[in-house]
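First the structure, in the form of structure tokens, and then the observations on it.
The values are calculated or read from the model by the stated rules, or taken from the named source; none is laboratory data. This one's a predicted model, so the numbers in the text were calculated from it and none came from an experiment. Don't worry about glycine lacking a Cβ; one is built from the backbone with ideal geometry, like all the others, and counts go over all protein chains shown. Side chains included, ligands, DNA and RNA excluded: accessible areas come from the protein's heavy atoms. Shrake-Rupley method; radii C 1.70, N 1.55, O 1.52, S 1.80 Å.
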Amino acid sequence: MRILDELRGGPVSEDREVERAVEAAARGEPARARLWLSLAAQRRRLGLSARQLLKRGGAEVQALALRGVPDLRLDWLRRLSHAALLAQGAESWTGTLGGHRVHRYAFAGRGGDLPVLLLHGLGGSADSMATLVAPLLPISARVVLLELPGHGRSPSPPGGPLAARDYGQVVTAAVDRLYAEYGKVVLVGNSLGGALALYAAHERPDNVAGVVGLNPAGADLSDEALGLLPESFADEVTGAARMAELLFHRTPWLFWLVARDFARAWSSPTVQRILDDARHDRDRSLGIDVLSAIRAPVLILWGAQDRLLPATSADDFRRHIPGATVELIPDCGHIPQLERPAYTRRRVREFVEKLKT
């Protein structure tokens with residue numbers, strides 16, 4: 001082990017192994033990448049008992065078990081996702097949209113029309129929507145994963161965290177650009193991204209072909225529902241267990257590896273600005289006037305075990321968006337594309353294919 005330490009230049013750490021594997025793969029050194037991942041796997045096996053506790057225990061047990069799980073940074077996961085997206089043919093671009101610097105990935109699709117814009121949730125990044133790319137490429141002219149200002153690889157605005165309406169301007173600008181090049185746009189968004197997709201459909205009725213909301217925000221929230229949204233966490237381990245409880249019905253193992261860093265990110269000014277605005281009746285919802293004026297076809301896929309947003313949201317979308325289809329996904333929490341990926345991919349693709357007929 002001491003010899004391995006000397007070769008690697010540091011002590012044994014699964015975090016470092018994964019980081020070095022990404023670096024080796026980026027340099028075109030697959031053998032070295034496999035070595036680092038193998039070492040990481042050996043260390044991960046030591047955490048199998050913790051994995052079982054995380055799967056079966058309550059929040060207190062999970063917080064205790066997390067102390068035996070590697071604390072990987074979101075940035076490392078995003079670097080791995082970045083390398084994977086580039087390997088699949090994505091273009092990586094940072095430029096100005098809606099007056100703000102943003103990053104986006106773009107894929108050239110094989111379809112003749114209907115570009116798709118994928119929008120992540122609050123505190124998230126493009127990698128959370130990446131599972132939807134493959135089924136869309138054969139039927140879409142362009143697939144774009146946009147990262148909101150201050151999220152993922154998009155720089156934080158120099159003037160400080162943005163309000164939801166500022167994000168809306170960025171998304172409508174992205175829609176305008178895609179429409180100018182490829183025609184009417186399909187928007188697919190999760191959580192905050194879903195609310196922004198619905199907002200863009202209202203603001204650009206002639207440019208939007210349809211919307212898929214994956215547990216979208218934007219419905220009216222009661223004071224009680226707002227009170228359940230967590231603020232910053234004094235203890236990141238407890239915060240990680242709490243966020244897993246709110247976001248998932250069955251938490252994916254990969255999330256546990258970055259759960260503590262996600263709790264840190266949730267406490268950031270970028271996230272808290274949106275929550276504070278909602279708590280003070282600023283941008284609490286899209287409003288009935290916006291929802292009722294949407295004319296594009298809308299599909300809402302709602303994880304029935306969502307604990308972050310109330311079930312009344314799905315009822316509000318069904319009631320107020322003309323002709324909207326609302327489907328409940330059993331055994332699923334707030335992020336269907338991660339927790340029920342196969343089902344979500346199939347329904348999103350079917351929705352886009354139906355728009356083409």
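Only residues that are part of a helix (DSSP H, G or I), open to solvent by 60 Å² or more (accessible area, probe 1.4 Å) and under 17 Å from A225 (Cβ atoms) were counted in region 307-323, giving 3. Among the residues of region 271-289, is any farther than 20 Å from D223 by Cβ and touching a Cys at 6+ places or on another chain (Cβ under 8 Å)? No. Determine which single condition R264 fails, assuming it passes every other condition in (1) at pLDDT 90 or above; (2) in contact with a Lys or Arg (Cβ under 8 Å, 6 or more places away or on another chain). Only one criterion in (1) at pLDDT 90 or above; (2) in contact with a Lys or Arg (Cβ under 8 Å, 6 or more places away or on another chain) is unmet by R264, namely (2).
Kindly indicate whether any position in region 153-174 is outside any helix (DSSP H, G or I), closer than 26 Å to E339 by Cβ and open to solvent by 60 Å² or more (accessible area, probe 1.4 Å).
Scanning region 153-174, I find at least one residue that is outside any helix (DSSP H, G or I), closer than 26 Å to E339 by Cβ and open to solvent by 60 Å² or more (accessible area, probe 1.4 Å), so the answer is yes.
When region 277-306 is examined, which residues are found to be at pLDDT below 95, within 23 Å of I335 (Cβ to Cβ), open to solvent by 20 Å² or more (accessible area, probe 1.4 Å) and not hydrophobic (A, V, I, L, M, F, W, C)? Correct list: R279, D283, R284, S285.
Determine if region 195-204 includes at least one residue that is touching a His at 6+ places or on another chain (Cβ under 8 Å), among the small types (G, A, S) and within 29 Å of E350 (Cβ to Cβ). Scanning region 195-204 turns up no residue that is touching a His at 6+ places or on another chain (Cβ under 8 Å), among the small types (G, A, S) and within 29 Å of E350 (Cβ to Cβ). In this structure, Y179 does satisfy being in a helix (DSSP H, G or I), aromatic (F, W, Y), in contact with a strand residue (DSSP E or B) (Cβ under 6 Å, 6 or more places away or on another chain) and open to solvent by 10 Å² or more (accessible area, probe 1.4 Å).
Inspection of region 215-226 identifies no residue that is in contact with a Gly (Cβ under 6 Å, 6 or more places away or on another chain), open to solvent by 20 Å² or more (accessible area, probe 1.4 Å) and hydrophobic (A, V, I, L, M, F, W, C). T251 meets all of the listed conditions (1) in contact with a helix residue (DSSP H, G or I) (Cβ under 7 Å, 6 or more places away or on another chain); (2) of a type in the set (S, T, Y); (3) over 27 Å from L80 (Cα atoms); (4) at pLDDT below 95 but one, namely (3).
Out of E245, E236, one residue alone is of a type outside the set (A, V, I, L, M, F, W, C) and either within 19 Å of L214 (Cα to Cα) or open to solvent by less than 40 Å² (accessible area, probe 1.4 Å) (or both). It is E245. If you take the residues of region 66-75 that are open to solvent by less than 60 Å² (accessible area, probe 1.4 Å) and not in a loop (DSSP other than H, G, I, E, B), which of them is nearest to Y105 (Cα to Cα)? Per the criteria, the residue is L74.
Screening S128 on (1) small (G, A, S); (2) open to solvent by 30 Å² or more (accessible area, probe 1.4 Å); (3) closer than 21 Å to R346 by Cα; (4) not in a loop (DSSP other than H, G, I, E, B) shows it passes everything except condition (2).
With the condition kept exactly as written, say whether any residue in region 153-169 is closer than 25 Å to T270 by Cβ and basic (K, R). The answer is yes; a qualifying residue exists. Within region 131-142, track down each residue that is outside any loop (DSSP other than H, G, I, E, B), open to solvent by 10 Å² or more (accessible area, probe 1.4 Å) and either in contact with a Lys or Arg (Cβ under 9 Å, 6 or more places away or on another chain) or without any contact (Cβ under 8 Å) to a residue 24 or more places away in the chain (or both). Result: T131, A134, P135.
Summed over region 248-276, the residues that are open to solvent by less than 20 Å² (accessible area, probe 1.4 Å), closer than 26 Å to L328 by Cβ and β-branched (V, I, T) give a count of 0.
From the list L122, L118, L114, L145, the lone residue that is under 18 Å from L77 (Cβ atoms), open to solvent by 10 Å² or more (accessible area, probe 1.4 Å) and touching a residue at least 12 places away in the same chain (Cβ under 8 Å) is L122. Is it the case that some residue within region 334-349 is closer than 25 Å to R242 by Cα, surrounded by 19 or more Cβ atoms within 10 Å (Cβ to Cβ), modelled with pLDDT of 95 or more and more than 18 Å from the chain's Cα centre (by Cα)? No, every residue in region 334-349 fails to be closer than 25 Å to R242 by Cα, surrounded by 19 or more Cβ atoms within 10 Å (Cβ to Cβ), modelled with pLDDT of 95 or more and more than 18 Å from the chain's Cα centre (by Cα). When region 86-96 is limited to residues that are surrounded by fewer than 21 Cβ atoms within 10 Å (Cβ to Cβ) and of a type outside the set (V, I, T), the one that is nearest to V170 (Cα to Cα) turns out to be G95.
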